[in-house]
Structures are given as C-alpha cells and as structure tokens.
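Novice: Below is the structure I would like to discuss, written out as structure tokens.
The values are calculated or read from the model by the stated rules, or taken from the named source; none is laboratory data. No experiment lies behind these values; they were computed from the predicted model shown. Please note: Cβ atoms are built from the backbone with ideal geometry, for glycine as well, and neighbour counts cover all protein chains shown. All accessible areas refer to the heavy atoms of the entire protein, side chains included, with ligands and DNA or RNA removed. Shrake-Rupley method; radii C 1.70, N 1.55, O 1.52, S 1.80 Å.
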Amino acid sequence: MAVVTRVASVFRRIGVGFSSIWGALRGLSLILAGAGVLALIASGPLYLLVPEMANSAIVLAGVGVFLLLVALLTALGQVRTALLGRRGRYGSNTVLMVIAFVGVMVVANLLGIRQSYRMDLTVNKEFSLSNKTTKVLGDLKAPVHALAFLVPGDPTRETTDNLLKEYGHRTPRFTYEIVDPEANPALTRLYEVSQYGVIVFDSEGHRANVASQVTVDIPDPSTGQPRSQVAPNPTLEQDVTAAILKVTGLKQKRVYFLVGHGEADISDPQGQQGYGLARQGLVPDNYEIFPLSLARVERVPEDAAALIAAGPRQELLEQEKPLLADYLNKQGKLLLLADPATPASWSDLVAPWGLALSQGRLIDEFSYARPDKGSPLVQRTQYLLGPVTKSLDTTFFPNSRAVDITRIISQKKPDPAKGEVSPVQIVDMGLTTPASWLETSSGEPKYDKETDTVGPLPLVALVAATAPIGAVPPPASDKRTRIAVVGNSAFASNQFFYSLGNSDLFLNSVNWLTEEEELISIRPKPFAFRQLVVTQRAWNWIFYSSIAFLPLLVAVVGAFAWWRRR
Amino acid sequence: MRNTLAIAKREIRSYFTSPVAYVVTAAFLVVTGFFFAADLQSRQMANLRGFLSPGSFVLILVAPLLTMRLFAEEQKMGTLELLLTNPVRDIEVVLGKYLASLVTLLVMIVLTLYYPLLLFWFGDPDPGPLLTGYLGLFLLGSALMAVGLLASSLTANQIVAAVLGLGLLILLWVVGSLNMTGIVGKVLDYLSLPGHFSDFTFGIIDTRNVIYYVSVAAAFVFLTARSLETRRWR
C-alpha cells in the first residue's frame, strides 16, 4: 500500500515538476522564439558563404526550427490571439498585401529583363553594335566562347564587359567570361596568354586573339611631356567581329584598291588627297583591304569581292585590260571614281556595259558647293533613291565629269511577254540640276550652246548587268556584274570624306557592290577623342569654382532664408 | 490629388526654411565639386563620369539626411495622428511627403548642372551621356528617397531614422559585390543599386535599369504606406 502511495507521490512530483518546467518554458517562449529565429537567420549565410560548414549550417537551421516549434507550443494561446485576433488579422492582411505588391514588382522586373530595350544616346553610337556585327551574330551557327583576361583593376574591363555583353544579347551562341589572369594561372597558361588585356575567342577548338587595349601618348598636364597611357582599343568591335568570323571559318570579304595608275593613296589618312579615311571607313564593315597591282598578277584574285579605282590618272597598261575585262565578265564588281583627268582607257573599260565617261568639267550653276561652281552639290531629291542612295544626305563633288548612260537608256526594249529583260539595268543614280552643263573649253565656265552639253547629267551611276550591252543574257541567272561609276574621286578623299553625306555614298556603294545591302545605312560620323585641353588658369577656375562657388551660393541663400524666418 | 499637392507644398516650405536642406546641399556640392574637378584634371576627358560615379555614392549618404525628418518629426511632435485622421487618405500623406523629397532632390541635382556647363564652356562633350547621366541620377535618387521615407516612418527619432535608412541603403549598395555564384548571385547582383547606374553614365538608357529604380521607389513608398497603416491598430 505504502509502495503505491510512494509511487503515486513520485509521479505527482514529476507532474508538478513538469508543469513548473512547462510554466517556466512558457515565460521563456519569447526568448526561445528569438533564439530560433536567430539560428535560422544565421544558418542561411553560413550555408552560402562557408561551404565547408554546410552540414553545421543545416544542423543549425534544424535547431532553429526546433526552438521555434517549442516556443510555438508553449505559447499556443498567445499565438492564437496574435494570428486570429483583430490585430492579427490586420497584420496578416498587411503581410499578404506586401507579398502581393512585391510579387508584382518581381514579375515586372522579370518581364523587363526578358524584353529589354537599350537606347544608345552617344553621338558615335559607341554602345550599339554595327550593322555588320549584328548581321554576323544573326548568322552565327557555331558556338563561340570568349575569355577576356583582365585583372580587376584594368581600365578597359568595363568597356570590354559592356561590349561582349551586347554580343551575348544578340545570340545565345556567343558566351563570354572575364577571367582574372592572376587568380587563374592555369587557365592563363592553357590559352597561352602572356600580356594584359587579351581576349581569346574559341569556337570548337579554333582560336583567335584580340587586344582589349592600346597604349597612347597624351601630354601630361603638369610637365607637358608625353605620357604613355593605356586606352581601350578603338577598333575593339571590329576586331572582335573579325575574330568571330575567323574562328567560325567564315571569311571576311576582300576589297582591292587598284594601284599603279596614280590612284589616291589608301595608306595616307592625313594628306588632303589621301584615301586613308575612306579605307578606315570600310573597316567597321569587316572588309579586308588590300592594294592590287594588276601589272604584277596573272588575274584578278578569286577572292576579290570588289575592286576600287580611286581617281586613276594614267592609262591602263595593255596587259591589264584583259584581266579587268575578264573579271567584269565573270560577275565582277567595280567602283570607278573617275576625275576629268582620268584617261580614256578607263572609259573603254566600262564601255561594254553601256557606261562612258563624258568629256568636260561639270558645272552646276544652281546647286554647287560655294564658292566653286565646278563642285556640284547633289541634294537628296536629285538621287534616284534606289538601294544605295535611299537615305542619303546631300553630297558634293569638287571637280567632276559626267557619266554617260545614253547607251544603256537606248538599249533594245525587252519584250516582257517573252520574259526578256535588258542585260544592263540602272539600279541607282544621281543627277545634276537642269542648270548644269559639261564645260569643254578652258577658262571661265560659260555655257556655250555649240559645244557644251546641258544638264541634268548623271554624276553617279550604278548598274547591274547579266551580260554586256548587245549580248544575249544567260538564261535565268541571278548572278550580276555590278559597276558603280562616279565622275569624281575627291569627294571621298580625306579632305571631304566626312563632309555631308559623302562617306555614306562611298561606303554604301561598296556595300552594294559586295552584295551586302543590309549594311547600307547612314553612319554616325566619328569625332575626335573628347579631350579637354585648357590653360592652367582655366584649370584653377574650374577647380575652385566647382568646390566653392555653388556651395557658397547655397549657404548664402540658406542664411537669407533663415534670417527671414527670424 | 489636391491633398497630396497641399501636403507636398507644406513639406517643401518647411524643407527650405530649415537649415538642414541647405547644409546638406552645400556639403553635397562641395564633395561632388571636388570629385568632378579632380577627375577632370587627372583624366582630361570631357565627360561627367568623374562626378557621376562618386556622386551616386555620396547621394546614399545624403538621402537619409534629407528624409529623416519627413515622418519622424511628426511622430515625435504627435502631429502624425492628426494628419492621419483627417479626411486626407494615408496614401496622399505618403505621396505628398515623397513628392516634397523628390523636389529637394531635383533642386540639388539641378545645381550640379554647373559641371556640364563648365564642360561645354571649355570643351566639346558628347551631350547624350550627360543627359542620360542626369536621368540615372534622378532615378537613383528617387529610389534612395523612398528608402529614407520608409526609415523615417518607422521611428519617432530622426537620428534613428537616418541611421536605419543609411543601413538599408548600404545593404542594397554592397549586396552586388559579394561575388556569389549561381542563381543567388544573379539575384543579388540584380538587386544592387549601383549596378543599374553605370549604363546611364555611358549614355545608355536600358529599360531594365529604369524598371528597377522605379520598382524600388514604388515598393518602398508602398511599404511606407503600410507601415503608417499599422499605426492605426498598434
């Protein structure tokens, strides 16, 4: 009997103990809850930042959950009031609203990421990819991966990252990563990178390198001595696109400038008559540009996407004539920029195709680049607005001759019923105004009805032909010979290249010749490196006024406002 | 709408009669003026990047100072209840005060137009990046002001509000430099305040960046309205 009582009292004491523990726990419930929340919060970052302790983090999270559960159970009554009481309902209502709102924001941002638009407001459109790059990326079939080996402090890191990011936006087949060469020596050695700022392009094992930076000399403001500084590679986009073409096995189109007849020099970017700027203008369209001396070769190179004769002054050599004639007969592409001084053999070259170079200087009394009437100005409305000239701005041509297209116009009319089509067709053209004429006498230009032909006269003519004039066109072929003739070469010389629409006429004509019409556009004109070069006094003014002038003004206005309030 | 404007007007007036706005603006101008001139002298390039990049960071120090007063003072003086029980709606109060803070931000930013003026005077800068730089600065500022607004609504003590706001902003500022990988890394990078700013300094308007700043501003204004609401049944 006593045993039963004893056992019962032990149980009773345990029960009392339990309930007092329980009571104690209830008081601690807040602390337990706090500890639980802390444990959970700590476990998150621990798991993410210290991977070696991932297991401990999970255990910590588990402990946190356990503590929270205990807190919940011991304070069940309070929890119930909190959740379901009036305040509780308001509270959960608010939480739901917040979650909903944040959810809407998240969705808006996700949609924004998926369908984003970028506007590039820089004058040079530095951050938009060129038409050529867009085309190359659109046509990209093989995957290309780029590794930019740039240390974190590299000044060209941001521009390189921005550019490659743009490439990645255009096609999922282009991927890139920025690699710190100092933190990844193995990778650096694997790709044989030995300098700063190298970008390696890799497509299925084929590799090409591009430099992300160049060194320039700028004058040091304090000493005046030139100082070497690292600057971003100004032709980075062209180089990157060229590298992509190279590693995917696609060839760049080759454009050859003829030499040996007194043509303008494409390696001269500074002299007024040089063609260096015209050559540089072709680079963004990813052309490979070479001079070609016909006297030294057996035939025009197979890979010639276009030939350019920039203002020849001397006759073609006998042995050169059949080379060119042959090239043109086989769907060749020629841009002939002929001045009044260009000799007759060049006119003979294009004669089979219905084109000729008129004798005399073109004078336009109505539309000319002041003060010289011998520099006809051709406005938009004077162009046929075909594929090459459709968006062209005004162009002008100092010292030019006309292009004779009468033979093309007077071709035998084709019979559409028989499916006939003229072998030579005018694709695009630019004319002078009716107040123009071909001046054949020297001295003061004056219209002489006897000897001078009156305008409007063609200055620019672009033709596409399936066969020479009078020949039988081959059956249904879409291969064409394309010839563009301009009665002037100075318009694209260094002196005038970036004036008005001159550069666009030149570049678009080459695009058309190489059958890359999608590159035809009005290109933004480059400006000089926007450097600020001022005197020392000016620097002082800039410095002190920036720091002192405005703040003083604000302080004065503030003092005034405060004084007024008193 | 009319109530919002009335509240905004009242708030703007009290901004410009208190010394805080002037002192903060003057200090902002001194610091950014220094960054602008020093960067110009060293890189000699006619653009605003030397001002915009450090300027954006200085802005996160300035925003809590400009917004700390908005709700904290009303709470301290006990006038908040009065404002909230009026026929004026909660959201109108919040928007009115937010609008006032934006006007102050605008005044501060407009004063810095002196720097691009100098650039045009002495050189030939590209106007596009200047325009987008200011747009970005204003968008960033609006987001920062909204965060400060929320901080101010959470306490009656202005100092606490400023510190809280600063803490939140610093958190949002550095969250992108943790260099974490995977999906978490991408989310954190996206949430980073300065990450969406640099495009604007280069002359690019990207809709993603605009959406980001507008969302942050909207979210914090919304949270402020909710935090005020909880006062009703606290």
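Novice: Quick check: Cα centre of region A:182-219 to Cα centre of region A:141-175, how many Å?
Specialist: Going from one Cα centre to the other spans 12 Å.
Novice: Angle, helix B:49-67 long axis vs. longest principal axis of chain B, Cα atoms, 0 to 90°, nearest 10?
Specialist: The helix B:49-67 is inclined about 10 degrees to chain B.
Novice: Taking amide H positions as placed 1.01 Å from N in the peptide plane, with prolines and chain starts having none, which residues 5 or more places from residue A:400, or on another chain, fall under 5 Å of its amide H?
Specialist: Under 5 Å from the amide H of residue A:400: A:362.
Novice: To the nearest 0.05, what FRET efficiency results for residue A:314 and residue B:57 with a Förster distance of 60 Å applied to their C-beta separation? If you can, show how the numbers build up before the last one.
Specialist: Working: r = 65 Å, r/R0 = 1.09.
Efficiency computed from Cβ-Cβ geometry: 0.40.
Novice: While we're here: Could you state how much accessible area residue B:230 has, in square angstrom rounded to the nearest 10, with a 1.4 Å probe and all protein chains kept in place?
Specialist: The accessible area of residue B:230 comes to roughly 30 Å².
Novice: When the helices in chain A are scored as -39500 (n - 2.57) per DSSP H run of 4 or longer and the sum is shared across all residues, what 222 nm value do you end up with, to the nearest 500 deg cm²/dmol? Before the final figure, lay out each step's value.
Specialist: Values: 15 runs with 213 residues, N = 566.
For chain A, the value works out to -12000 deg cm²/dmol.
Novice: What is the Å³ per residue value for the convex hull set by the Cα atoms of region A:270-379? Walk me through the numbers before you get to the answer.
Specialist: On the way: hull volume 17.0 nm³, N = 110.
Output value, Cα hull per residue: 155 Å³.
Novice: Give the interface area between chains B and A as buried accessible surface, both sides summed, probe 1.4 Å, in Å² to the nearest 100. Walk me through the numbers before you get to the answer.
Specialist: Details: alone 11980 and 33520 Å², together 40390 Å².
Its buried surface, counting both partners, is about 5100 Å².
Novice: Also, I was wondering about something else. Given the whole protein assembly as supplied and a 1.4 Å probe, what does the accessible area of residue A:206 come to in Å², nearest 10?
Specialist: Spelled out: residue A:206, probe radius 1.4 Å, area about 110 Å².
Novice: Only Cα pairs within less than 10 Å get springs; with that Gaussian network setup on chain B, which residue of B:13, B:69, B:49 has the largest fluctuation?
Specialist: B:13
Novice: Starting at 0 and stepping by 5 Å, how many percent of the alpha carbon pairs of region B:31-163 end up in each bin?
Specialist: Here the calculated profile for region B:31-163 is 2, 10, 18, 18, 14, 11, 9, 7, 5, 3, 2, 0.
Novice: A follow-up question, please. By how many degrees, between 0 and 90 and to the nearest 10, does the Cα long axis of helix A:2-49 differ from the longest principal axis of chain A?
Specialist: Tilt relative to chain A: about 20 degrees.
Novice: Something else about it: What nm value, rounded to one decimal, do you get for the distance between residue A:272 and residue A:390 when each label is placed 7 Å out toward the C-beta?
Specialist: In this crude spin-label approximation the distance works out to 3.7 nm.
Novice: Based on the alpha-carbon gyration tensor of region A:55-180 and its eigenvalue square roots a ≥ b ≥ c, which shape applies: rounded if a/c is under 1.5, prolate if not and a/b is larger than b/c, or oblate?
Specialist: Numbers: a/c = 3.68, a/b = 2.28, b/c = 1.61.
The shape class here is prolate.
Novice: Express the carbon and sulfur contribution to the solvent-accessible surface of the protein assembly as shown as a percent, rounded to the nearest whole number, probe 1.4 angstrom. Could you put the intermediate results ahead of the total?
Specialist: Details: 25550 of 40390 Å².
Carbon plus sulfur share of accessible area: 63 percent.
Novice: Oh, and also: Can you give me the C-alpha center-to-center distance between region A:277-337 and region B:58-84, rounded to a whole angstrom?
Specialist: If we compute the Cα centre of each part, the gap is 75 Å.
Novice: In addition: Where a Cα-Cα gap under 21 Å defines reach, which lysines qualify for residue A:446, not counting those fewer than 8 residues away within the same chain?
Specialist: Once the sequence-local lysines are set aside, what remains near residue A:446 is A:373.
Novice: In straight Cα distance, which lysines are under 25 Å from residue A:479, not counting same-chain residues fewer than 8 positions off?
Specialist: Leaving aside lysines fewer than 8 places away in the same chain, those within reach of residue A:479 are A:132, A:135, A:251, A:253, A:321, A:330, A:333, A:390, A:412, A:413, A:418.
Novice: Something else: Rounded to the nearest 10 degrees, what's the angle between the helix A:502-513 long axis and the longest principal axis of chain A, both from Cα atoms, 0 to 90?
Specialist: So the helix axis and the longest Cα principal axis differ by about 90 degrees.
Novice: I need the peptides B:118-128, A:352-362 ranked by packing, meaning the mean over residues of other C-beta atoms within 10 angstrom, with the highest value on top. Kindly include the intermediate steps, with their values, before the conclusion.
Specialist: Numbers: B:118-128: 17.1, A:352-362: 22.0.
Listed from highest to lowest mean packing, they are A:352-362, B:118-128.
Novice: Mind checking Rg over Rh on chain A, alpha carbons, Kirkwood formula for Rh? If you can, show how the numbers build up before the last one.
Specialist: Numbers: Rg = 38.5 Å, Rh = 31.1 Å.
Rg divided by Rh gives 1.24.
Novice: A further question on this structure: Enumerate the amide H contacts of residue A:179 below 5 Å, restricted to partners 5 or more residues apart or on another chain; note that Pro and chain-start residues carry no placed amide H.
Specialist: Excluding prolines and chain starts, which carry no amide H, the hits are A:148, A:149, A:150.
Novice: Something else: Go through A:390, A:246, B:97 and list them by solvent-accessible area, largest first, probe radius 1.4 Å.
Specialist: Working: A:390 105, A:246 145, B:97 0 Å².
Descending order: A:246, A:390, B:97.
Novice: Something else: For the protein assembly as shown, what is the accessible area per residue in Å², given a 1.4 Å probe and the full set of protein chains?
Specialist: Result: 50 Å² per residue.
Novice: Cβ neighbours within 10 Å, averaged per peptide: list A:552-558, B:133-139 in order, most packed at the top. It would help to have the intermediate numbers written out before the result.
Specialist: Details: A:552-558: 16.3, B:133-139: 20.6.
Put in order of decreasing packing, that is B:133-139, A:552-558.
Novice: Let me ask something additional. Taking R0 as 35 Å, what FRET efficiency do you get between residue B:230 and residue B:34 from their Cβ-Cβ distance, rounded to the nearest 0.05?
Specialist: Values: r = 43 Å, r/R0 = 1.22.
Efficiency, rounded to the nearest 0.05: 0.25.
Novice: Can you tell me which of A:164-174, A:412-422, A:111-121 comes out highest on packing, and rank the rest after it, using the mean Cβ neighbours within 10 Å? Don't skip to the end; give the middle numbers.
Specialist: Numbers: A:164-174: 16.7, A:412-422: 10.3, A:111-121: 13.9.
Most protected by this proxy first, the peptides run A:164-174, A:111-121, A:412-422.
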